[in-house]
């Protein structure tokens, strides 16, 4: 199978499917067990008059918001970015002038792809569905290593077009003076050590 000129190994495809099936199976069992216990507990509490239906609904809304926030923070689940062409503003950074210093550090960042990106053939990680695919060295699979140029520059993901390293302290200590962070992406330089864009 080929996407954007790259051959997908059968092991890579299998790894992605196995990941999905393991997650689905494990999650389905946990949801079933938790649901049975939760519904039993709610029924018991309402039957004993300890809580009322209105009170239950109020707490449900509060807990749902808290869970939504913690799921986003923990990066749980499959991520698909929702982009619209109309809101996209391409950011201009003089990469040519900086590349010899930063070594394309932005091309080591992880990010979710949009459906548009996937449909255009942008490679995604089968081990982490719809996150950008990276090689073993941590760089984007679409980066040409000898020139540090993007092989899909004209069709690069929207998130890449919108990203600017100007204020990213994980990369630059001083963008204007071109002072690189000597320890990029280390703990302490960002609350996000997984290199998210």
Quiz item: Nearest 0.05, what FRET efficiency do residue 46 and residue 70 give at R0 = 41 Å with Cβ-Cβ as r?
Solution: 0.95
Practice problem: Compute the FRET efficiency between residue 151 and residue 178 as 1/(1 + (r/R0)^6), taking r as their Cβ-Cβ distance and R0 = 35 Å, and round to the nearest 0.05. | Solution: 0.85
Practice problem: Would you please classify the overall shape of the stretch 85-180 from the alpha carbon gyration tensor, given that a ≥ b ≥ c denote the square roots of the eigenvalues, rounded means a/c under 1.5, and beyond that prolate means a/b larger than b/c while oblate covers the rest? | Solution: prolate
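Each value in this text was obtained by applying a stated rule to the coordinates, not by laboratory testing. Nothing here was measured: the structure is a model prediction, and the numbers come from that model. Ideal geometry is used to build each Cβ from the backbone, glycine not excepted, and the neighbour counts take in all protein chains shown.
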